[in-house]
Amino acid sequence: MHSRFVCCALACSCLILGAVAASAADPQIDAELINAESNAAKGNASIQVTVIGVELIDADEAGTSPRTGQGHLHYQIDQGPVIATSSRKLALHELEPGTHQIRVALVGNDHKPVGPEDTVTVMIPTAVLAH
């Protein structure tokens, strides 16, 4: 009887640890602006993205078949074109004055979302300083 209880307890522990490990491996991203004020004053924005749980693969080399654990980033400023890249850092230059939304999404090799996305906002002043 005692050995049955121990086996059951061990099996439950393994299931719980497996569930915790699986949830810890869920893809995550966090985007933030680098030197936001000084870059914005020049009409620029630099964004740095932290990625957890996915290996970033070059979008051109990955092929179009989704693979678990692989992907790349899609950057989009306002409603403009999407920039597909494995780069965790992107610099944008010569932005128009005003508020801009920079969206970053984690996508699979097939360019379909595989999880989270993040958005940062940058405010470019009307009077942009010379470089």
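The values are calculated or read from the model by the stated rules, or taken from the named source; none is laboratory data. If you're wondering where the values come from, they're calculated on a predicted model, not measured in any experiment. Counting neighbours? That spans all protein chains shown, and the Cβs are built from the backbone with ideal geometry, glycine included. Quick note on the areas: whole protein, heavy atoms, side chains included, nothing else; ligands and nucleic acids left out. Shrake-Rupley method; radii C 1.70, N 1.55, O 1.52, S 1.80 Å.
Might you let me know whether region 111-128 holds any residue that is more than 15 Å from Val49 (Cβ to Cβ), surrounded by 11 or more Cβ atoms within 10 Å (Cβ to Cβ) and touching a Leu at 6+ places or on another chain (Cβ under 6 Å)?
Checking region 111-128: at least one residue is more than 15 Å from Val49 (Cβ to Cβ), surrounded by 11 or more Cβ atoms within 10 Å (Cβ to Cβ) and touching a Leu at 6+ places or on another chain (Cβ under 6 Å).
Which of the following residues is over 28 Å from Ala127 (Cα atoms) and either buried (at least 16 other Cβ atoms within 10 Å of the Cβ) or at pLDDT 95 or above (or both): Thr64, Thr99, Thr50, Thr68? Let's see the steps before the verdict.
Working: Thr64 fails: either buried (at least 16 other Cβ atoms within 10 Å of the Cβ) or at pLDDT 95 or above (or both); Thr99 fails: over 28 Å from Ala127 (Cα atoms); Thr68 fails: either buried (at least 16 other Cβ atoms within 10 Å of the Cβ) or at pLDDT 95 or above (or both).
Criteria check complete, one pass: Thr50.
Need pairs with beta-carbon distance below 8 Å; first residue without any contact (Cβ under 8 Å) to a residue 24 or more places away in the chain and within region 35-64, second in a loop (DSSP other than H, G, I, E, B); sequence gap 6+ or separate chains.
That search, which allows pairs on different chains as well, returns Glu55/Gly69.
Scan (1) assigned to a loop (DSSP other than H, G, I, E, B); (2) in contact (Cβ under 8 Å) with a residue 12 or more places away in the chain for the single condition Met123 breaks and write down its number.
Evaluating Met123 over (1) assigned to a loop (DSSP other than H, G, I, E, B); (2) in contact (Cβ under 8 Å) with a residue 12 or more places away in the chain leaves (1) as the failure.
Return the residues of region 78-92 that are open to solvent by 40 Å² or more (accessible area, probe 1.4 Å) and assigned to a strand (DSSP E or B); say none if nothing qualifies.
If the condition is that a residue be open to solvent by 40 Å² or more (accessible area, probe 1.4 Å) and assigned to a strand (DSSP E or B), then Val82, Ile83, Ala84, Lys89, Ala91 are the ones that fit.
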